Amino acid sequence: MPPTTPNGRTPITHVPLSTTPLPPLDPHVEPWPGKTEEIGGVGLHLRRTPGADGTVAVYVHGLGGSSTNWTELAALLAPAATGIAVDLPGFGFSEPPSEFDFGLNSHAALLAEFLDGLGKGPVHLLGNSMGGAIALLVAARRPELVRTLTLISPAMPDRRVDHRRLSDPRMALAYLPFVGKRVRRALAALGPEERAKQVIKLCFADPAAFSERRLAELAEEHSARAEFAWAAPAMARSTFGIFRAWFSRGPASLWAAAAEVTVPTLVVWGEKDRVISVRRASRTATLMPRARLLVLPRTGHVAQMERPNTVAKAVLGMWERVEADRW
């Protein structure tokens, strides 16, 4: 039996790793082909990873990301769960609905409709960064839809002013009066490979670990998205949606929402995360009564991409113990 604290809770840092063998990690595994599907009245571009029947894992990417951010992790977990990685509205290849406002609450409401429409019962819900905040809101408001929750560097309020948190420091000037228009033109002129390299430099503790093959895939996706008139506005408005959530107080804050999450939860954070500080990790996990926390050294903002084997073992460890009623 795991140790307990004086209040009877298992210490949040007690994260059991599964000993079930994982499939060999193929660094060249290709993202499963995606297509737009309408489920529960919600049209999203999805990538389905075939896996175990009867168990569904839904993967939700972060700001500027897409369903391809989950390729390795979904493949590693496929023996235990069928995977559905979504492109959120305005990201990847999901065209946003008209009048969609891109706030975290709107993203969460739409995702909840999608999960409800799946008709598969509660799912294992995994989210990274902005997707983590969205998944947290869904779990807090619609717990019947969520069997377990995995949050990887969720976008909890982190109002530090630090240009190193941006993939390009010029982004801080992009929406200022007078200079903003010129800066946005300069950013738009960047080539897709240069954009991709900036993102990887920001999100990985060791950018050199990102393979050339994956870089080419990311650059190709950036190039394709450049053709969508809705892509840049979706990015800007979702960014502002995160900022609004960070400055919300009382019952509307993400901290308040975290305290409402009662489903079994695993929080994973990279010690070298430059985007959302690991200093937010302990508070995030402590607020959720059934959460545990895994902090990974030498890891940045996208642990599911940088440390997929370790994350898979931790996620599977939670799933196994939840099934055995030992979490």
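Does region 41-102 come out rounded, prolate or oblate by the C-alpha gyration tensor, with a ≥ b ≥ c the root eigenvalues, rounded set by a/c under 1.5 and, if not, prolate when a/b is larger than b/c and oblate if not?
Verdict is prolate for region 41-102.
Among all lysine pairs in the chain that are eight or more places apart or on different chains, how many have alpha carbons less than 23 angstrom apart?
4
Using only alpha carbon positions, build the gyration tensor of the chain, then give the equivalent ellipsoid semi-axes as the square roots of 5 times its eigenvalues, largest first, whole angstrom.
Equivalent-ellipsoid dimensions as semi-axes: 29, 22, 20 Å.
Could you tell me the convex hull volume per residue, in Å³, taken over the Cα atoms of region 228-295?
Measuring per residue, one finds 122 Å³ for the Cα hull of region 228-295.
With +1 on each Lys and Arg Cβ and -1 on each Asp and Glu Cβ, and nothing else charged, work out how big the dipole of the chain is about its Cα centre, in Debye to the nearest 20.
1360 debye
What percentage of the solvent-accessible surface of the chain, computed with a 1.4 Å probe over protein heavy atoms, is contributed by carbon and sulfur atoms?
Ligands and nucleic acids excluded, carbon and sulfur reach 55 percent.
Taking loop as defined by DSSP and a crowding limit of 11 other beta carbons within 10 Å, which trypsin sites (Lys or Arg not before Pro) in region 184-279 fit?
Passing sites in region 184-279 are ARG249.
Based on Cβ point charges of +1 for Lys and Arg and -1 for Asp and Glu, what charge dipole magnitude is obtained for region 268-327 about its Cα centre, in debye rounded to the nearest 20?
The dipole of region 268-327 has a size of about 260 debye.
Taking square-rooted eigenvalues a ≥ b ≥ c of the alpha carbon gyration tensor, is region 195-327 rounded, prolate or oblate, where a/c under 1.5 means rounded and, failing that, a/b exceeding b/c means prolate?
oblate
Do you know the relative contact order of the chain, to the nearest whole percent, from alpha carbon pairs under 8 angstrom that are 6+ apart? Provide the component values of the computation, followed by the final result.
Values: 647 pairs, mean separation 70.0, N = 327.
It comes to 21 percent, rounded to a whole number.
Highest GNM mean-square fluctuation, the chain, Cα pairs closer than 10 Å: which of SER253, SER238, SER277?
Result for the chain, Cα springs under 10 Å: SER253 fluctuates most.
Using the heavy atoms of the protein chains and a 1.4 angstrom probe, tell me the accessible area per residue for the chain in square angstrom.
Dividing the accessible area of the chain by its residue count gives 46 Å².
Please identify the GluC sites (Glu not before Pro) of region 62-144 that satisfy two criteria: DSSP loop assignment and at most 13 other Cβ atoms within 10 Å. Which are they? Present the calculation step by step, with values, prior to reporting the outcome.
Values: sites: GLU72, GLU99, GLU113, GLU144; in loops: GLU99.
For GluC sites (Glu not before Pro) across region 62-144 that sit outside H, G, I, E and B with at most 13 neighbouring Cβ atoms in 10 Å, the list reads GLU99.
The values are calculated or read from the model by the stated rules, or taken from the named source; none is laboratory data. Treat the numbers as computed from the prediction; the structure is a model and nothing was measured. Neighbour counts run over all protein chains shown; Cβ positions are idealised from the backbone, glycine included. What goes into the accessible areas is simple: the full protein's heavy atoms, side chains included, and nothing from ligands, DNA or RNA. Shrake-Rupley method; radii C 1.70, N 1.55, O 1.52, S 1.80 Å.
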